[in-house]
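Asks: Attaching a single structure in structure tokens format; questions to follow.
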Amino acid sequence: MSMIEYRNEPFTDFTIETNKQAMEAALQRVEAQLGSTYPLVINGEKISTDRLGTSINPGNTDQIIGYVAQADRELALKAIAAADAAFQEWQYVDPTERAGYLFKAAAIMRRRKFDYAAWLVYEVGKNWGEADADVAEAIDFLEFYAREMIRLSGPQPLTKLAGEDNRLTYIALGVGIVIPPWNFPLAIMAGMSVAAIVTGNTVVLKPASTSPVIAAKFVELMEEVGLPAGVLNFIPGSGAEIGDLIVDHPRTRFVSFTGSRDVGLRINERLAKPAEGQIWMKRLIAEMGGKDGIVVDNTANVEEAAAAIVQSAFGFQGQKCSAGSRAIVHQDVYDEVLELVIAKTKQLQVGSAIANVAIGAVIDENAYRKTLEYIAIGAEEGRVVAGGDVAEGNGYYIQPTVIADVSEHARVMQEEIFGPVLAVCKAADYKHAIDIFNNTEYGLTGAVFSGNREHLEYARQRMHCGNLYFNRKCTGALVGVHPFGGFNMSGTDSKAGGRDYLLLFTQAKLVSEKY
């Protein structure tokens, strides 16, 4: 198979009129499809159920995106059995052939890029740029992991020994449970699924309850490219009803999870206990969130720092595990940076993602209530200098909020909010700023703005996070460029989109032949 060298899918420039028109047309096409019902898919069979989940537009709560069949315990067991049966053949399919399904899916997704982006605008409230980046990342995962599997299937370097033929191969694990998040409901969901599939595993996919339609669209795509029945099984359903069942099942070999710290820890605990009949130690690949921060020292370009703080804090309403929800600023430039951050935050327009404004709605009522509770907590811990209230609209709209003068120990500096709230903390000096940054149970992303090389090198060694950025925002990791994953309570440092990632879905087998 001849391949062009991997390169990232370019982002769409919506200031170009033809792109703007293409997106508007896609939004109309998708709007005409809203309200459809989506079945479960088990072993290629589409299964309807009496019980349906409802996906709504967070920016217009009267608008139903779709109804999605809900799996009960019996159907969840059926999905695991189907994946287990399919694994017996799929694991032996040539890796290059498995990669071919990903390349084909990437090509189709690229052709329908605006339509996939439009689904994201409606279902999770991403503005056009955020939605386009989500689709681009999904394409990147498909392209990158396909190439990675081909690389891993080639000869692996071993020390030569006379008289022996030694070969190391990376073989599949088995049935994987994939539990993706709602905030990158195409990119992360697709990346987690195809990483497992291309390495020879089979998948039971339980999508996030607030973004199941985009997952159903991806399952349709994988069927369209001819992925064999049973390799990817789709079972939306209540976590309370089927979550423990699919995690605990003796034929489940691994769980790939992206979501909250508490759920990740619960899965980890359950995986550690073998079920009756289980013949392996299960593996967990987890990405669990963050309390990410941007450090600004007294040599930084304050204009660039303030712009990056606002982008990192409020992009997609702060609903990213990489969101820069803390700004830690040297006392010498604190007032100046804060003033710029307030001014830039107040310029952000809140409204419908369909209209492509900067700030859309948060995902659902729970997120809405939780964010408002944290704003109230922050008002007691510091000073609300921008936002601080709900915003107009028939949806879960909240003003982007800046809380200044908080202590490093404040709850808004320690706890993941996952909404449009930025806490700003003053540091006495550069080293103090890095100590404040490290004072959290998370360790996902961080950034430093400094014009001092010694300060940057100090941060390179001492800032404890999986993805650290110098003089740029702390969001927007690119597949292949910035392998993504964090430390401590941010998960297992899985490094999605990196050269180590597929190894997490494999085990290494050595065959030695004497001659």
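Asks: Around Phe449, which amide H atoms from residues at least 5 apart in sequence, or from another chain, sit under 5 Å from its own amide H, with H modelled in the peptide plane?
Replies: Close amide H contacts, sequence-distant or interchain: Val295, Val296, Asp297, Asn471.
Asks: So, with +1 on the Cβ of K and R and -1 on the Cβ of D and E, and no other charges, what is the size of the charge dipole of segment 292-478 about its Cα centre, to the nearest 20 debye?
Replies: Roughly 440 debye for segment 292-478.
Asks: With charges set only on the Cβ (+1 for Lys and Arg, -1 for Asp and Glu), what does the dipole of the chain come to about its Cα centre, in debye to the nearest 20?
Replies: With Lys and Arg at +1 and Asp and Glu at -1, about 1180 debye.
Asks: Could you check the spin-label model distance between Glu164 and Lys46? Points 7 Å from the Cα along Cα→Cβ, value in nm.
Replies: 5.4
Asks: Taking a temperature of 4 °C and a viscosity of 1.567 mPa s, what whole-number D in µm²/s does Stokes-Einstein yield for the chain with Rh from Kirkwood over alpha carbon pairs?
Replies: 55
Asks: So, counting K/R as plus one and D/E as minus one, what does the shell of residues with Cβ under 14 Å around Ala447 add up to?
Replies: +3
Asks: At a Förster radius of 45 Å, what calculated FRET efficiency corresponds to the Cβ-Cβ distance of Glu454 and Phe11, to the nearest 0.05?
Replies: 0.85
Asks: Quick one: if you stick a label point 7 Å off each Cα along the C-beta vector at Glu220 and Lys514, how many nm between them?
Replies: Placing both labels 7 Å along Cα→Cβ, they lie 6.0 nm apart.
Asks: Here is a further query. Over segment 292-478, what portion of Cα pair distances is larger than 24 Å, expressed as a whole percent?
Replies: Distances greater than 24 Å cover 30 percent of the Cα pairs.
Asks: Still on this structure: Could you please report the charge total around Ala379, scoring K, R as +1 and D, E as -1 over all other residues with beta-carbon less than 12 angstrom from its beta-carbon?
Replies: Once positives and negatives cancel, what remains is -3.
Asks: By how many nm would the segment from Val390 to Thr37 grow when fully extended, if each residue of separation counts as 0.36 nm and the alpha-carbon distance is taken off?
Replies: Full-extension gain reported as 123.9 nm.
Asks: Hey, what do the phi angles of segment 280-288 turn into as Karplus ³J(HN,Hα) couplings, whole Hz, using 6.51/-1.76/1.60 and θ = phi - 60°, x for Gly and Pro?
Replies: So the Karplus estimates, Gly and Pro as x, are 8, 8, 6, 10, 10, 10, 10, 10, 10 Hz.
Asks: In addition: When ranked by the protection proxy of mean other Cβ atoms within 10 Å per residue, highest first, what sequence do the peptides 259-270, 349-360, 154-165 form?
Replies: Listed from highest to lowest mean packing, they are 349-360, 259-270, 154-165.
Asks: Related question: With the Cα gyration tensor of segment 318-367 giving a ≥ b ≥ c as the square roots of its eigenvalues, does the rule (a/c under 1.5 for rounded; else a/b larger than b/c for prolate; else oblate) give rounded, prolate or oblate?
Replies: Oblate.
Asks: Taking 0.36 nm per residue of separation and subtracting the Cα-Cα distance, what length does fully extending Ile108 through Glu24 add?
Replies: That works out to 28.3 nm of additional length.
Asks: Taking the highest mean first, how do the peptides 409-421, 378-390 order by number of other beta carbon atoms within 10 angstrom per residue?
Replies: 409-421, 378-390
Asks: Efficiency by 1/(1 + (r/R0)^6): what FRET value for Ala376 and Ile171, r their Cβ-Cβ distance, R0 = 51 Å, to the nearest 0.05?
Replies: E between Ala376 and Ile171, to the nearest 0.05, is 0.45.
Asks: In whole percent, what relative contact order does the chain give with Cα contacts below 8 Å and a gap of six or more residues?
Replies: Once normalised by length, the contact order is 17 percent.
Asks: Can I ask one more? Can you tell me the length gained on complete extension of the stretch Asp332 to Arg369, counting 0.36 nm per residue apart and subtracting the Cα distance?
Replies: My answer for the length gained is 9.7 nm.
Asks: Determine, for each peptide in 366-377, 67-78, 225-236, the mean count of other beta carbons within 10 angstrom over its residues, then list the peptides with the highest first.
Replies: Result, highest mean first: 225-236, 67-78, 366-377.
Asks: Compute the signed sum of charges (Lys and Arg +1, Asp and Glu -1) over the other residues within less than 10 Å, Cβ to Cβ, of Phe254.
Replies: Value of the local net charge: +3.
Asks: Taking the Cβ-Cβ separation of Ser2 and Asp94 as r and a Förster radius of 22 Å, what is the calculated FRET efficiency to the nearest 0.05?
Replies: 0.85
Asks: Output ³J(HN,Hα) for segment 360-375: one whole-Hz value per residue in order, computed from phi by the Karplus curve 6.51 cos²θ - 1.76 cosθ + 1.60 with θ = phi - 60°, and x for Gly and Pro.
Replies: So the J values, rounded to whole Hz, are x, 7, 6, 5, 7, 5, 4, 5, 4, 5, 4, 5, 5, 5, 5, 5.
Asks: Here's a follow-up. Just check segment 81-129 against the gyration tensor rule for me: Cα atoms, a ≥ b ≥ c as the square roots of the eigenvalues, rounded for a/c under 1.5, and otherwise prolate or oblate depending on whether a/b exceeds b/c.
Replies: Oblate is the answer for segment 81-129, as a/c is 1.5 or above yet b/c matches or exceeds a/b.
Asks: Which ³J(HN,Hα) values, rounded to whole Hz and listed in residue order, are derived for segment 423-436 from phi using the Karplus coefficients 6.51, -1.76 and 1.60 in 6.51 cos²θ - 1.76 cosθ + 1.60 with θ = phi - 60°, glycine and proline given as x?
Replies: Per-residue couplings from phi come out as 9, 10, 10, 8, 10, 5, 7, 5, 5, 4, 4, 6, 4, 5 Hz.
Asks: Under a point spin-label approximation (7 Å from Cα along Cα-to-Cβ), what is the Glu241-Asp405 distance to one decimal in nm?
Replies: 5.1
Asks: Would you list, by chain and number, the lysines whose Cα falls below 30 Å from the Cα of Lys113, excluding same-chain residues fewer than 8 positions away?
Replies: Cα-Cα hits under 30 Å: Lys20, Lys46, Lys104, Lys126, Lys206, Lys217, Lys320, Lys473, Lys495.
Asks: OK, next. What residues have an amide H closer than 5 Å to that of Ala327, excluding those fewer than 5 places away on the same chain, when H is modeled at 1.01 Å from N in the peptide plane?
Replies: Amide H to amide H, under 5 Å and 5 or more residues apart or across chains, Ala327 pairs with Ile294, Ala423, Val424, Cys425.
Asks: Tell me, what are the semi-axes, in whole angstrom and largest first, of the equivalent ellipsoid of segment 170-293 as set by the roots of 5 times the Cα gyration tensor eigenvalues?
Replies: The three semi-axes for segment 170-293 are 21, 19, 13 Å.
Asks: For Thr258, list long-range residues whose amide hydrogen, built 1.01 Å from N in the peptide plane, is under 5 Å from its own amide hydrogen.
Replies: Placed amide hydrogens put Ile179, Glu287 under 5 Å from Thr258.
Asks: Grab the alpha carbons of segment 60-180, take their convex hull, and tell me the volume per residue in Å³.
Replies: So the per-residue Cα hull volume is 153 Å³.
Only the coordinates and a few stated rules stand behind these numbers; no lab work does. Since this is a predicted model, take the numbers as computed values, not measurements. For neighbour counting, all protein chains shown are included, and Cβ atoms are generated from backbone atoms with ideal geometry for every residue, glycine included.
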